Every structure is written in C-alpha cells, then in structure tokens.
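Here is the structure we will look at, set down as structure tokens.
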C-alpha cells in the first residue's frame with residue numbers, strides 16, 4: 001500500500017535507512033562531461049547531492065610551472081574548450097599587463113569580435129545540450145547548424161574549429177581578411193531572425209516554461225557567498241559583468257546592455273543567456289563598424305618573455321562567468337605559480353545547497369541551467 | 001594607457017611591483033584611494049593597471065577569518081583561494097582573492113605560514129564557497145585548514161597522499 | 001526422366017534477387033552498417049563527436065547516430081578525451097560491461113597517447129587508452145575534425161567487412 005505523505009514530512013522526518021544513494025555519473029549523458037554526483041535520495045526527492053570532481057584533472061596549473069608563457073598558450077584553449085578565445089585572452093592579458101606591452105587597436109577590436117563570436121557559439125552548445133537534457137532533441141541540431149557558420153569563420157582565420165590559439169602576447173598572429181569580415185556581417189544578419197525563431201519555438205513553449213519557471217531558485221546572497229558569477233549571478237538580479245566592473249580591451253568604447261533577471265530560477269538564467277547572444281551580436285556589429293586599420297601585432301615584443309617579480313591578475317568575462325589568471329613570477333621565463341580562477345567551480349559549489357529537497361528531474365534542470373564544463377572545474 | 005619604452009621593452013621593476021621612483025623635481029603622484037581604510041586591517045592601495053587588483057593586505061594566519069568577516073560585511077564575494085610554495089624561504093603563502101559584485105573592487109588578503117607544518121584557520125564558516133577552494137589548496141600543497149568540515153581530496157584520487165604543486169614534488 | 005536442375009545455373013539466374021554468402025560476412029556487414037556508439041565524451045573531443053552527429057556531418061548516413069548512454073547496448077566505445085588515473089577504473093568497467101563483439105575507437109591525441117598533457121613529472125594522465133584495453137582505430141587530432149571521426153568509422157567498417165564503403169578521394 002502506498003501512502004502519499006506531505007513533502008516536508010517525507011524529506012525531513014524519514015529515518016536514515018529509508019534513503020538510498022544514487023550515483024550520477026561520471027559517465028552520464030546529462031552531466032556534460034565527467035562529473036559524478038552522489039545523490040542521497042528519499043524516493044524522488046534529493047536529500048543531499050554531493051558533486052565529486054577530479055575525473056578530468058589534467059594538471060593545468062602544474063603545467064603552468066613547466067612551460068614558458070608562449071608554450072602555455074595552447075593549454076588555455078583546453079580549460080574551457082567551448083569558450084576558448086576568452087581563456088586565451090586571460091593569459092595574454094596578464095602577460096601584457098605585467099610586461100607593459102601595448103596592443104594595437106585593430107588587434108583589440110578583432111579580439112573582441114572573435115571573443116563574442118565564441119561566446120555565441122558557446123551559448124548555442126549550452127542551449128542545445130540543455131534542451132537535450134530536458135528531453136527535446138531538435139534544438140541541438142539547429143544550434144549546431146548555426147554554430148557551424150561561426151566555426152567556418154574562425155577556421156578561416158585561425159585554422160582550428162574548437163581549440164584556437166589565436167591571440168599572441170602583443171596582438172594576434174594573423175590578420176583577418178575580407179572573407180571573415182563579410183562572413184561576420186552575414187552571420188549577424190542570419191542569426192537575428194534565428195534567435196526570434198528560437199524564442200517562438202522553444203522559449204515560449206509551455207513544456208519548457210513548466211520545467212523551468214520557479215525551479216532551482218538561487219538568491220543573490222547565495223551567489224555572493226559562493227562566488228558564483230556569469231549568468232548565474234545575473235539570473236539572480238545582480239548585473240555583475242567583468243566587462244563593466246573591470247573593463248578590459250575595447251569594451252568601454254562599445255555600447256551594450258548587461259541582461260539581468262531578478263527571479264533567480266532556471267528560467268531567469270535561461271533568458272539571461274538568450275539575451276546575451278543578442279547583445280553579443282550588437283557588440284560584433286559595432287566592432288565591425290569601428291574596426292580601424294593598422295598592425296595587428298605590437299612592435300618589439302621580446303621573444304623570450306620574462307615578467308618582473310611579483311604577482312599579477314587579469315580577469316575576463318568568459319561565457320560561463322568570471323575567469324581570472326593569477327601569475328606569480330620570479331623574473332624567469334616560466335611562471336613560479338599560475339593560478340586559474342575558473343567560473344564553473346564556484347558555480348557548481350552552490351549546487352549542494354541549492355538542490356536540497358528538489359525532485360530529481362528538477363535537480364538536473366538546475367544542473368543544466370548552471371552551464372558547466374567539467375574540465376573547467378578540474379583543470 | 002600603458003606605454004612601452006622602445007629602448008627597453010622589459011623595464012626593470014622593484015620586487016614588490018611598485019613603479020620606479022619619479023624623476024626628481026616631478027610632482028609626487030596622487031595617493032590612490034583606499035575605500036577599505038576604515039577597517040582594522042592593513043589594506044593598502046596598489047596600482048590596478050599593473051597588478052589587476054585594487055587593495056591588498058598581508059595579515060597573520062590567525063587573522064584570515066576575521067578579515068573574511070569584515071570583507072563579507074562590506075559585501076565582497078570570494079573569488080578564489082590559492083597557495084604559493086616559497087621553498088627557498090621555507091614558507092607557504094595562502095592568497096585569498098575577493099571581488100565586489102556591485103562596486104567593482106578587487107582585494108587580496110595574504111598570509112604566510114611555515115612550510116614544515118602548514119596550518120591556517122578555515123574561512124568556510126564565513127564564505128561557504130571557500131569549502132572547495134580550501135580542499136583544492138590542501139590537495140595541491142598539503143596546507144591544513146583548521147576547522148574545515150571535510151578536507152578529503154577534491155581533484156586528486158580519493159586515496160592520494162601526494163601534494164603535486166609543492167616545489168619538491170616529483171612523480 | 002527430367003534432367004536434374006543445374007544448381008550453379010540456378011544461382012546465376014537468381015542472383016539479382018537472391019545472394020549466397022558466408023553468415024560471418026553477412027553479420028559483419030550488418031554490424032558495420034549499424035555501429036552503436038557509447039556516449040563517452042570526456043573532454044574537448046566530445047564536442048567534435050557531437051558535431052559529427054549533428055546535421056552538417058551527419059553520422060546517421062553510416063548508421064551510427066544512435067548514441068547509447070548504457071554500455072550494455074553499445075557496440076563501439078569512442079573514447080573522446082583524456083583518460084585520468086582517477087577515471088581509469090570507470091573506463092575499464094564500462095569496457096567490461098559492453099557485450100561482445102565490441103570495438104574501441106581512440107579519438108584524439110589524448111586517447112592515443114595522453115595528448116598535450118604529458119610532461120616530465122606528470123601525475124594524473126593515463127598515456128593513451130590502449131594502456132587499459134585494446135584499441136581498433138586511432139584518430140589523431142586535437143581535436144580531430146568530424147570528417148576525421150567519420151573516416152575512423154569507415155576504417156572500422158573496413159576492418160569488420162574487409163571492404164571500404166567509399167574509396168578514398170585523392171586530391172588532384
């Protein structure tokens with residue numbers, strides 16, 4: 001005989017031997033990588049969800065002490081491979097800041113254009129994979145179709161589809177050509193109606209709304225205590241964006257909004273990312289209009305870079321949040337200590353507290369709305 | 001804007017990163033603002049354009065939780081916690097980075113502990129996000145955070161007993 | 001008396017509609033044309049694997065778009081990404097859980113030999129998935145293009161059936 005009990009009694013009052021441990025991952029289609037979550041369940045309700053990380057730990061920080069700064073550039077793309085340009089920007093930014101290298105304006109504008117294209121392609125992968133978790137297979141195909149346009153553009157200038165290594169200390173290693181500039185404008189014109197279509201097809205879909213509205217509330221105070229950034233904190237009403245808080249590159253000269261929604265539920269985080277794609281299109285258009293001529297590489301950048309002794313930081317707004325590189329240097333060509341502050345680690349650390357008492361399906365919707373890339377956590 | 005000196009692209013700096021002393025006769029540079037001067041902590045303003053943070057304080061190891069409490073009441077958020085292994089000096093440094101979500105300020109708190117017995121109080125009761133950062137720092141350096149609820153390995157295998165980012169580590 | 005039907009002539013006459021062959025060959029053809037991969041994307045190569053399954057590169061043409069989350073239902077394990085020492089036990093368990101006949105494709109430099117994460121003094125990466133179990137096809141690249149993954153699947157089909165589905169296109 002099954003007696004249904006009220007939620008609070010069933011979760012709070014059940015004896016310890018009535019719960020069971022469900023192991024999610026490390027191989028699981030919904031964890032977006034090798035994340036293991038040890039879930040103590042009371043029926044369908046989560047009592048405690050404890051993420052276990054380290055299954056893709058690739059010693060990125062130890063390699064920072066074994067490679068020169070230039071040799072470390074390819075590693076930056078592989079920390080969060082979906083948003084690779086932003087991560088390379090973090091490393092070149094900290095070296096340029098410490099060694100006082102001035103980057104030519106054309107290079108800065110091209111960096112902004114490529115970073116924003118990368119942000120859109122990262123959000124498209126998130127969108128497709130998130131809807132795959134929720135049960136809809138079609139948006140993944142649409143998202144990857146749009147993404148192929150971006151990848152073709154970036155492959156034309158960098159040679160790579162996913163793990164670019166395009167920025168160099170002092171600028172870029174390759175200038176863009178007319179194909180890229182025309183193609184970027186064509187992409188912006190193509191993407192705007194597509195975003196409208198996605199709004200009608202998916203965002204206003206009643207099933208999606210029932211699955212996301214009110215699910216997984218995260219307050220702004222919880223974000224602050226755990227250090228969550230990016231769409232997670234912007235979906236809780238705080239419009240914190242590194243591009244405005246600690247402006248870098250040529251973002252101060254470009255006009256764009258920071259979307260923030262106050263509700264704090266999964267729908268708010270979803271809407272933040274959809275709006276960010278539209279804002280990125282705005283940034284790309286303005287940067288294409290304002291693109292100056294000139295060199296793309298600073299002159300007289302030493303081939304062997306030694307940073308003066310001391311510690312230096314540089315933060316960028318990656319697709320998932322605040323990414324910061326902290327370098328401790330002892331005046332050698334290899335860093336003494338290279339610390340990577342990655343957004344997904346802070347974003348996931350609040351999952352344990354935020355998912356208590358939720359249904360399992362809702363907990364997975366919350367996990368998807370946090371937009372995690374596990375090598376970003378494990379480094 | 002940063003200016004690169006064409007004759008010397010790598011200007012020599014003092015060890016603490018402070019800019020070179022101005023030429024004699026030039027007016028003294030304006031003192032940088034210190035929005036945390038009212039706290040009983042030794043915060044000093046630094047050159048943000050060079051270092052990437054606005055304020056830093058070097059505190060005793062026993063003071064890190066107090067510092068975290070003050071920064072929490074000022075509205076800061078925890079950015080990251082990390083360690084640096086100063087092998088030659090026989091010390092380890094624990095560095096706490098904080099950022100402010102609305103005021104755009106960045107502050108750094110440092111503490112040095114002896115290398116043979118690296119222990120420092122935890123701040124996870126002030127910032128729950130410090131839980132994972134301290135576990136990771138323990139994984140990499142072996143620093144024990146006193147009062148931490150669960151200092152088990154975070155990124156290394158569950159049965160790992162080595163601390164790979166120490167300077168005397170060899171696989 | 002009626003002449004006995006000439007069997008070899010019968011086979012020649014029916015050949016448009018009836019074919020004879022070894023059961024092994026037919027089974028190999030069926031298996032090659034419907035390889036079901038296990039969703040085992042670990043890191044960056046997983047994104048190129050997903051792109052290969054999406055509409056531009058379309059693994060469905062080769063019968064391989066049905067990614068199975070459960071190893072019990074999968075034929076081929078495409079190891080896409082770096083294998084960690086912490087993860088190695090789980091990978092071996094998944095391989096053991098796959099029923100015979102099974103194949104392994106090592107996709108990407110990390111699965112072949114540890115990739116860019118091998119340096120003197122490294123402590124966490126298993127240098128190649130073939131240190132754990134036998135691999136049938138190696139696909140180099142970091143990450144390999146989706147076309148390279150498709151070529152790897154075609155090579156696996158060639159290994160199964162002995163014949164390549166399409167000839168290699170030589171550039172002019």
### Task
Check B:33, B:42 and return the single one that is surrounded by 12 or more Cβ atoms within 10 Å (Cβ to Cβ), modelled with pLDDT under 90 and either closer than 27 Å to residue B:140 by Cα or touching a strand residue (DSSP E or B) at 6+ places or on another chain (Cβ under 9 Å) (or both).
B:42
### Task
Sort through A:307, A:338, A:348 and tell me the only one that's closer than 30 Å to residue A:214 by Cα and within 14 Å of chain B (Cβ to nearest Cβ).
A:348
### Summary
For the range B:73-100 the number of residues that are more than 15 Å from the chain's Cα centre (by Cα) and either more than 9 Å from chain A (Cβ to nearest Cβ) or at negative phi (or both) is 7
### Task
Filter the range A:49-73 down to residues that are under 21 Å from the mean Cα position of the chain (by Cα) and assigned to a loop (DSSP other than H, G, I, E, B) and give me whichever is surrounded by the fewest Cβ atoms within 10 Å (Cβ to Cβ).
A:72
### Query
Going by the structure shown, is residue A:124 surrounded by 24 or more Cβ atoms within 10 Å (Cβ to Cβ) and within 23 Å of residue A:311 (Cα to Cα)?
no
#### Entry: Residue list for the range B:101-128, restricted to those being part of a loop (DSSP other than H, G, I, E, B) and at the interface with chain A (Cβ under 8 Å from one of its Cβ atoms)
B:101, B:102, B:104, B:127, B:128
### Query
Which residues, taken from the range B:142-171, are buried (at least 22 other Cβ atoms within 10 Å of the Cβ) and not in a loop (DSSP other than H, G, I, E, B)?
B:145
#### Entry: Answer residue from the range C:110-151, given it is out of contact with any helix residue (DSSP H, G or I) (no Cβ under 8 Å at 6 or more places or on another chain), touching a residue at least 12 places away in the same chain (Cβ under 8 Å) and assigned to a loop (DSSP other than H, G, I, E, B) and is nearest to residue C:37 (Cα to Cα) among those
C:134
### Message
Go through the range B:41-67 and report how many residues are within 10 Å of chain A (Cβ to nearest Cβ) and more than 14 Å from the chain's Cα centre (by Cα).
### Response
3
### Query
Taking the condition modelled with pLDDT under 95, within 8 Å of another protein chain (Cβ to nearest Cβ) and either in contact with a helix residue (DSSP H, G or I) (Cβ under 6 Å, 6 or more places away or on another chain) or over 19 Å from residue A:347 (Cβ atoms) (or both), does residue B:142 pass?
no
### Query
Out of the range A:315-335, which residues are more than 27 Å from residue A:260 (Cβ to Cβ), more than 9 Å from every other protein chain (Cβ to nearest Cβ) and part of a strand (DSSP E or B)?
A:327, A:329, A:334
### Task
Evaluate the range A:100-114: report whether one residue or more is away from every other protein chain (no Cβ under 13 Å), free of Cβ contacts under 8 Å to residues at least 60 places away in the same chain and in a helix (DSSP H, G or I).
yes
### Task
Within the range A:68-79, work out how many residues are under 17 Å from residue C:125 (Cα atoms) and at the interface with another protein chain (Cβ under 8 Å from one of its Cβ atoms).
2
### Query
Given the structure, is residue A:46 in a strand (DSSP E or B), touching a helix residue (DSSP H, G or I) at 6+ places or on another chain (Cβ under 6 Å) and either at negative phi or modelled with pLDDT of 95 or more (or both)?
yes
### Query
If you go through the range A:258-268 one residue at a time, do you hit one that is assigned to a helix (DSSP H, G or I), crowded, with 24+ Cβ neighbours inside 10 Å and touching a residue at least 12 places away in the same chain (Cβ under 8 Å)?
yes
### Summary
Of B:155, B:151, the only residue that is away from every other protein chain (no Cβ under 11 Å), without any contact (Cβ under 8 Å) to a residue 24 or more places away in the chain and within 30 Å of residue A:66 (Cα to Cα) is B:151
### Task
Could you please let me know if residue A:282 is buried (at least 19 other Cβ atoms within 10 Å of the Cβ), more than 10 Å from every other protein chain (Cβ to nearest Cβ), at pLDDT 90 or above and outside any loop (DSSP other than H, G, I, E, B)?
no
### Query
Is the range C:152-164 home to any residue that is more than 14 Å from every other protein chain (Cβ to nearest Cβ), exposed (fewer than 15 other Cβ atoms within 10 Å of the Cβ), on the phi < 0 side of the Ramachandran plot and assigned to a loop (DSSP other than H, G, I, E, B)?
yes
### Message
Exactly one of these conditions fails for residue C:71: (1) free of Cβ contacts under 8 Å to residues at least 24 places away in the same chain; (2) within 18 Å of the chain's Cα centre (by Cα). Give me its number.
### Response
(1)
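Here is a yes/no grid of residues against (1) more than 9 Å from chain A (Cβ to nearest Cβ); (2) modelled with pLDDT under 90; (3) assigned to a loop (DSSP other than H, G, I, E, B); (4) closer than 22 Å to residue C:149 by Cα:
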{"site": "C:19", "(1), (2), (3), (4)": "yes, yes, yes, no"}
{"site": "C:26", "(1), (2), (3), (4)": "yes, yes, no, no"}
{"site": "C:49", "(1), (2), (3), (4)": "yes, no, no, yes"}
{"site": "C:56", "(1), (2), (3), (4)": "no, no, yes, yes"}
{"site": "C:65", "(1), (2), (3), (4)": "yes, yes, yes, yes"}
{"site": "C:77", "(1), (2), (3), (4)": "yes, no, no, yes"}
{"site": "C:88", "(1), (2), (3), (4)": "yes, no, no, no"}
{"site": "C:94", "(1), (2), (3), (4)": "no, no, no, yes"}
### Residue list for the range A:197-251, restricted to those being within 18 Å of residue A:90 (Cβ to Cβ) and in a helix (DSSP H, G or I)
A:242, A:243, A:244, A:245, A:251
### Message
Being surrounded by 13 or more Cβ atoms within 10 Å (Cβ to Cβ) and at pLDDT 90 or above is the requirement here; does residue B:48 meet it?
### Response
no
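The values are calculated or read from the model by the stated rules, or taken from the named source; none is laboratory data. Every value quoted in this text rests on a predicted model; they were computed, and no experiment measured them. Methodologically, a virtual Cβ is constructed for each residue, glycine included, from the backbone with ideal geometry; neighbour enumeration extends over all protein chains shown.
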